Amino acid sequence: MDTLQALILGIIQGLTEFLPVSSSGHIELGKAVLGSDLGENDLLFTVLVHGATVLSTIVVFRKDILTILKDLFKFQWNESTQFAAKIIISMIPVLVVGVLFKDKIEAFFKTDDAASENAMIIFVGCMLLVTGTLLALTKLVEKRAKEGTEVSFVNALLIGLAQVIAILPGISRSGTTIATGLLLGVDKSKIARFSFLMILIPILGATLLDVKDLIEDSSSMATAEFTPLIVGFFAAFFAGLLACTWMINLVKKGKLIYFAFYCFAVGIFAISVGMFA
């Protein structure tokens, strides 16, 4: 992987982690289009770009995070404590699936030959069509959500279950969680805030697990080319800052339908490439 490929993949990761178009799906498509072979640096690059998006989320929501942490230490059943409890509830489904099926999920993402790579591209395309459909549905119910409606404890669990589906490449994590919240009648600004904060911990947890694997496999560090990795990190970080801020405003304005059209277009393109490549 050269510096230009790292720059492009970093930007893709940063943008698509927050925009409702599936970061894992676009990374797979980006690798296929660029012909980028990360080789032994695959895990290291993944750790860095995911760490960059976690950092960008913390920067954007730094005031919210500090307020929640400060209120938690008051040891009272206040608004911040309830919000944190809802975040924990939303994490349960993806935690269970991640612990029980981690190896199977990782094996599913691996492509060892051209045939399996084409099959993955087709699968990503199909899942992008699912994401587009989910985003399009929010347009039909945008007047259902009452202003100020908070995420309930039941809603938190349902949104957490929706997040599990986003493990599949092509299903957007932010798109799925935000769309589910809107379909449940949650206020636009409330679900945007909840969605980005709820996915922060799972991403951070997955990144820490990758760091553990990275430490155990020290050979990848020894052979790493650090310039592309550094470029990828900063590209993902600044793209993440932009995308996270932009996405919050787009959700408030009810503009998710545009991303539905985008997912339909990219999904059809991916399926065509996978079938006829």
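The values are calculated or read from the model by the stated rules, or taken from the named source; none is laboratory data. Given the structure is predicted, the values throughout are model-derived calculations rather than measurements. As a convention, Cβ positions derive from the backbone with ideal geometry for all residues, glycine included, and neighbour counts pool all protein chains shown.
Please enumerate the residues belonging to segment 69-90 that are among the aliphatic types (A, V, I, L, M) and modelled with pLDDT of 90 or more. I'd like the intermediate steps shown before the answer.
If we filter segment 69-90 for residues that are among the aliphatic types (A, V, I, L, M), which is where we start, we get 69, 72, 84-85, 87-89.
Ala84, Ala85, Ile87, Ile88, Ile89 - these are the residues of segment 69-90 that are among the aliphatic types (A, V, I, L, M) and modelled with pLDDT of 90 or more.
Residue by residue, here is whether (1) assigned to a helix (DSSP H, G or I); (2) farther than 21 Å from Gly240 by Cβ; (3) among the small types (Gly, Ala, Ser) holds:
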| position | (1), (2), (3) |
| --- | --- |
| Leu161 | yes, yes, no |
| Val164 | yes, yes, no |
| Ile171 | no, no, no |
| Thr180 | yes, yes, no |
| Phe194 | yes, no, no |
Among residues of segment 255-274, those that are over 19 Å from Ile121 (Cα atoms) and free of Cβ contacts under 8 Å to residues at least 40 places away in the same chain, counted: 2
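Out of all the residues in segment 97-109, is one or more buried (at least 17 other Cβ atoms within 10 Å of the Cβ), outside any loop (DSSP other than H, G, I, E, B) and modelled with pLDDT of 80 or more? Can you show your working first?
Residues of segment 97-109 that are buried (at least 17 other Cβ atoms within 10 Å of the Cβ), as a first pass: 97-98.
From what's left, outside any loop (DSSP other than H, G, I, E, B): 97-98.
Among the residues that remain, those that are also modelled with pLDDT of 80 or more are: 97.
Yes, segment 97-109 contains a residue that is buried (at least 17 other Cβ atoms within 10 Å of the Cβ), outside any loop (DSSP other than H, G, I, E, B) and modelled with pLDDT of 80 or more.
Considering segment 64-92 alone, what residues qualify as being outside any helix (DSSP H, G or I) and either touching a Pro at 6+ places or on another chain (Cβ under 8 Å) or within 16 Å of Leu158 (Cα to Cα) (or both)? Talk me through it step by step, then tell me what you get.
Our first condition is that a residue be outside any helix (DSSP H, G or I); within segment 64-92, this holds for 73-78.
Once the filter is applied, which keeps residues that are outside any helix (DSSP H, G or I) and either touching a Pro at 6+ places or on another chain (Cβ under 8 Å) or within 16 Å of Leu158 (Cα to Cα) (or both), segment 64-92 yields nothing.
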Just for segment 143-154: of the residues that are closer than 18 Å to Leu256 by Cβ and surrounded by 14 or more Cβ atoms within 10 Å (Cβ to Cβ), which one is modelled with the highest pLDDT? Val151
Got a number for residues in segment 199-247 being assigned to a loop (DSSP other than H, G, I, E, B) and at pLDDT 80 or above? 1
I'd like the residue in segment 51-94 that is charged (D, E, K, R) and touching an Asp or Glu at 6+ places or on another chain (Cβ under 8 Å) and, out of all such residues, is nearest to Thr207 (Cα to Cα). Asp71
